[in-house]
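**Q** Below you'll find the structure I mean.
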Amino acid sequence: MSSAPRWFNALGKAYNDVEKSSIYQLATTDSFDKPHVRSHVHRAFLTPPSYLAIPLLLTTTDVRSPKVAQIAYSNTVELSWWIEGSSDQFRITGRARVIPAPEYAPKLVSANDDGCTAIASLDKESFNWEAKRQEVFENISRHIRAGFCAPVPGSVLNGGYDEQNDWVDTVENQRDARTDEEKKNTAKAFGNFALIVIEPFEVDWVQMGVTPNRRTRFRREGDAWEEQVIVP
């Protein structure tokens with residue numbers, strides 16, 4: 001069984017050693033093949049027991065956001081992760097799956113859900129995606145949870161920014177919700193909350209903290225990674 005790839009060891013070390021390094025840019029394409037990119041907060045790594053060489057990246061989204069339909073159209077995504085403190089850039093190309101609330105799941109199966117070998121292995125092992133979704137939801141801040149109670153992302157604010165004054169400011173996790181209103185808001189937020197799981201198949205790692213700079217491309221064949229040194 002293959003072990004963790006070298007790029008992942010380097011990424012894990014940089015991520016753990018450098019504070020405030022959890023933001024990356026995630027790009028998707030829509031049904032007109034138009035690209036869309038936005039910043040995402042990295043939430044967790046997940047390594048399937050059967051595929052130690054294929055670590056997965058977890059981030060989150062609102063199930064109502066356009067990117068969910070984009071991933072359903074084409075599950076090939078790319079992210080760019082710049083680690084300021086170590087001057088490392090990781091461009092990770094992979095296939096993504098959205099993990100929504102169970103009632104949404106049948107509607108969000110990607111039309112191109114192939115190529116997700118490691119993700120599929122977790123399905124076969126009866127991995128509890130709903131428990132993972134709840135775990136990540138519980139660990140985000142009360143203010144971020146409140147965002148999942150807001151109107152549909154990208155919809156028009158007819159009342160301007162002042163309309164936001166009437167929105168919920170904070171949402172408790174399921175354990176701490178006490179009043180009926182708190183429980184209602186928590187349930188609404190959790191219902192709109194979804195994971196995005198990214199399974200890499202190509203990684204471009206640029207080391208700008210060394211002179212001369214180094215650049216290595218990793219391409220996955222099965223569960224093994226081929227390395228190629230390329231010009232920075």
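The values are calculated or read from the model by the stated rules, or taken from the named source; none is laboratory data. Note that this is a predicted model, so its numbers are computed, not measured. For neighbour counting, all protein chains shown are included, and Cβ atoms are generated from backbone atoms with ideal geometry for every residue, glycine included.
**Q** Quick test for you: out of R38, R6, R43, pick the one residue that is in contact with a Ser or Thr (Cβ under 7 Å, 6 or more places away or on another chain), touching a residue at least 24 places away in the same chain (Cβ under 8 Å) and among the basic types (K, R).
**A** R43
**Q** Would you be able to say whether some residue in region 28-41 is outside any helix (DSSP H, G or I), among the basic types (K, R), modelled with pLDDT of 95 or more and loosely packed, with under 15 Cβ neighbours inside 10 Å?
**A** yes
**Q** Counting just the residues of region 9-27 that are part of a helix (DSSP H, G or I) and more than 15 Å from I92 (Cβ to Cβ), which one comes out farthest from the chain's Cα centre (by Cα)?
**A** Looking at residues that are part of a helix (DSSP H, G or I) and more than 15 Å from I92 (Cβ to Cβ), I get D17.
**Q** If you go through region 54-70 one residue at a time, do you hit one that is over 20 Å from F193 (Cα atoms), at pLDDT 95 or above, over 13 Å from the mean Cα position of the chain (by Cα) and not charged (D, E, K, R)?
**A** yes
**Q** Evaluate region 165-174: report whether one residue or more is surrounded by fewer than 16 Cβ atoms within 10 Å (Cβ to Cβ), modelled with pLDDT of 95 or more, assigned to a loop (DSSP other than H, G, I, E, B) and β-branched (V, I, T).
**A** yes
**Q** So which of G209, G154 is part of a loop (DSSP other than H, G, I, E, B), over 23 Å from the mean Cα position of the chain (by Cα) and in contact (Cβ under 8 Å) with a residue 40 or more places away in the chain?
**A** After applying the criteria, what remains is G209.
**Q** Can you say whether E226 is exposed (fewer than 13 other Cβ atoms within 10 Å of the Cβ) and in a strand (DSSP E or B), as far as the supplied structure shows?
**A** yes
**Q** Does region 114-137 contain at least one residue that is touching a helix residue (DSSP H, G or I) at 6+ places or on another chain (Cβ under 7 Å) and modelled with pLDDT of 95 or more?
**A** Yes.
**Q** Tell me whether region 86-99 contains one or more residues that are within 22 Å of S155 (Cα to Cα) and either part of a strand (DSSP E or B) or not polar (S, T, N, Q) (or both).
**A** Yes, there is a match, as at least one residue in region 86-99 is within 22 Å of S155 (Cα to Cα) and either part of a strand (DSSP E or B) or not polar (S, T, N, Q) (or both).
**Q** Select, from K188, K132, the only residue that is within 28 Å of P5 (Cβ to Cβ), assigned to a helix (DSSP H, G or I) and among the basic types (K, R).
**A** Of K188, K132, the one residue that is within 28 Å of P5 (Cβ to Cβ), assigned to a helix (DSSP H, G or I) and among the basic types (K, R) is K132.
**Q** So for region 1-19 (the condition being touching a helix residue (DSSP H, G or I) at 6+ places or on another chain (Cβ under 9 Å) and either at pLDDT 95 or above or surrounded by 17 or more Cβ atoms within 10 Å (Cβ to Cβ) (or both)), does at least one residue qualify?
**A** No, there is no match, as no residue in region 1-19 is touching a helix residue (DSSP H, G or I) at 6+ places or on another chain (Cβ under 9 Å) and either at pLDDT 95 or above or surrounded by 17 or more Cβ atoms within 10 Å (Cβ to Cβ) (or both).
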